[in-house]
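Here is the structure we will look at, set down as structure tokens.
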Amino acid sequence: MKKSIFPSIPNKKYFSIKEVSDLCNVKAHTLRYWEKEFKSLRPTTRRGNRRFYQEQDILIIRNIRSLLYEEGLTINGAKKRIGSSAPSTNSNSASIDNLLKDLEDILKDIKQAI
């Protein structure tokens, strides 16, 4: 069995770019570049363009890193490989459903605080 070169992902909802950089062994500027190159990598942005990554983003980044650094593919080669294994519409709608549930929970918490 091949030993993972990555540390385990903590049980958190959101991660900063620094945390993701450490978890994926990739520099922050490389992550920002990959966001421009790979359509599947779109972290949530908040005030001041601060990036917040989720676990699925970390898995995508680890996959990209593996394709580029371990398999030796070019950016275009990695794009093609990821494009051929892109998530289906069902998983995209599941992500939207999860986001809506999170927003409903936040709204509920706000109403209880008032």
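What follows draws every value from the coordinates through simple rules; no lab data is involved. Here the structure is a predicted model, which is why all the values come from computation and not from measurement. Glycine also receives a Cβ, built like all others from the backbone with ideal geometry; neighbour counts cover every protein chain displayed.
Scanning the stretch 96-114 for residues that are in a helix (DSSP H, G or I) and of a type in the set (Val, Ile, Thr), we see that the one that is farthest from residue 55 (Cα to Cα) is 110. The selection criterion, being surrounded by fewer than 15 Cβ atoms within 10 Å (Cβ to Cβ), among the hydroxyl-bearing types (Ser, Thr, Tyr) and under 21 Å from residue 102 (Cβ atoms), does not hold for residue 74. In the stretch 24-60, the residue that is surrounded by the most Cβ atoms within 10 Å (Cβ to Cβ) out of those that are of a type in the set (A, V, I, L, M) and farther than 22 Å from residue 95 by Cα is 26. Among the residues making up the stretch 28-81, those that are β-branched (Val, Ile, Thr), outside any strand (DSSP E or B) and farther than 20 Å from residue 7 by Cα are 74, 75.
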